[in-house]
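Everything on this sheet refers to the single structure shown next.
The values are calculated or read from the model by the stated rules, or taken from the named source; none is laboratory data. Owing to the predicted nature of the structure, the values given are computational and were not obtained by experimental measurement. Cβ coordinates were reconstructed from backbone atoms using ideal geometry, including for glycine residues, and neighbour counts include every protein chain displayed.
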Amino acid sequence: MGSFRSGFVAVIGRPNVGKSTLLNGFIGQKVAIVSDKPQTTRNRIQAVLTKPHGQIVFLDTPGLHKPLHRLGDYMVKTARESLQDVDVVLMVVEMPLWKRADDYIIEELPKRTPVILAANKMDRADEGMQMTLLQTAEKKFPFSAVVRVSALTGENMETLLKAIMGYLPEGPKYYPDDWVTDHPEQFVITEFIREQVLKQTQEEIPHSVAVVIESMSQAKTRPLVKVDAVIFVERSSQKGILIGRGGARLKSIGTDARQQIEQLLGMQVHLSLWVKVKKDWRDKLGTLRELGYN
């Protein structure tokens, strides 16, 4: 019987390269929200993958970027802190081109920790483009391993997983077999709601949204959970856009979010949503703390 390996892996990269999609693919279920908009992940999502021969604790970080407000400062700080005291760093880049922002990430990489490069979205690039990116990457940094992968189709995901596991030390099982995230259910629920806001408002309300669960309770007589949540925006005009004509958009957001929450909880959910204005909340330290960005 082989030794059991375990450790912590920081997933790092610029915004919108597919870090959350990659993480969800590893875990086999949704633990991080996915959007085509950059800087979707705001907190460090800790997800756990347990195999017979090892356990990987993934830290999915906000994309490193030049911050434009206090919330951005928080996100970059979170990403940098995730690189400390991990066993492996997984840097994710996006096919087909290496970009200047990837060079910025390179500067943040630790020198004494194994760094594996995941060249994601290989389904978007032909063989020539793929090889050009890999040759560029090898000149940029002495990566411990380089793996082409498609988080969307699943191609080479198992190869990447083996590469990560190979650099983990022998160690204990940190979490029970059935754990997939250390975040409480309420956090995951707020993320599901925020994801639907991002999907259904397009560029009208890109990242001016925060979600807070005001109450959550389970019915005593049947398998039903009642969730009351507030969506905060920065301006009154955004509130009108989010609610939509006759409340249609807010109803649609609630319907799609509820379906994901029901899958998470395994029971019927009654979700009530309200929209409130907190002016310029992303730039106010006290409000950021109040909303959970410490």
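Laid out as a table, the results:
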read-out	value
Qualifying residue in the stretch 205-219 (condition: over 25 Å from Val48 (Cβ atoms), among the β-branched types (Val, Ile, Thr), at pLDDT below 85 and not in a strand (DSSP E or B))	yes
Residues within the stretch 1-45 that are farther than 24 Å from Met122 by Cα, more than 9 Å from the chain's Cα centre (by Cα) and either modelled with pLDDT under 80 or not hydrophobic (A, V, I, L, M, F, W, C) (or both), tallied	6
The stretch 100-122 - residue that is over 21 Å from the mean Cα position of the chain (by Cα) and among the charged types (D, E, K, R) and, of those, surrounded by the fewest Cβ atoms within 10 Å (Cβ to Cβ)	Arg112
Test set (1) touching a residue at least 40 places away in the same chain (Cβ under 8 Å); (2) of a type outside the set (S, T, N, Q); (3) surrounded by 14 or more Cβ atoms within 10 Å (Cβ to Cβ) - Arg258 fails condition number	(1)
The stretch 223-260 - residue that is of a type in the set (A, V, I, L, M) and in a helix (DSSP H, G or I) and, of those, nearest to Glu185 (Cα to Cα)	Ala257
Residue list for the stretch 132-169, filter: at positive phi and at pLDDT 95 or above	Asn156
Test: residue in the stretch 170-190 that is modelled with pLDDT of 90 or more and either buried (at least 18 other Cβ atoms within 10 Å of the Cβ) or among the charged types (D, E, K, R) (or both)	yes
Of all residues in the stretch 116-153 being hydroxyl-bearing (Ser, Thr, Tyr) and assigned to a helix (DSSP H, G or I), the one that is farthest from Asp102 (Cα to Cα)	Thr132
Matching entry among Ala118, Ala125, Ala101 (being out of contact with any helix residue (DSSP H, G or I) (no Cβ under 8 Å at 6 or more places or on another chain), in the same structural domain as Thr50 (by TED's automatic domain parsing), modelled with pLDDT of 85 or more and not β-branched (Val, Ile, Thr))	Ala101
Qualifying residue in the stretch 259-276 (condition: under 25 Å from the mean Cα position of the chain (by Cα), at pLDDT below 90 and over 20 Å from Met216 (Cβ atoms))	no
Filtered residue count, the stretch 82-98, keeping only those that are at pLDDT 90 or above and among the small types (Gly, Ala, Ser)	0
Meets criteria (surrounded by fewer than 20 Cβ atoms within 10 Å (Cβ to Cβ) and either at pLDDT 85 or above or not in a loop (DSSP other than H, G, I, E, B) (or both)) for Ile56	no
Selected residue (criterion: farthest from Asp126 (Cα to Cα)) from residues of the stretch 165-193 that are in a helix (DSSP H, G or I) and in contact with a helix residue (DSSP H, G or I) (Cβ under 9 Å, 6 or more places away or on another chain)	Glu185
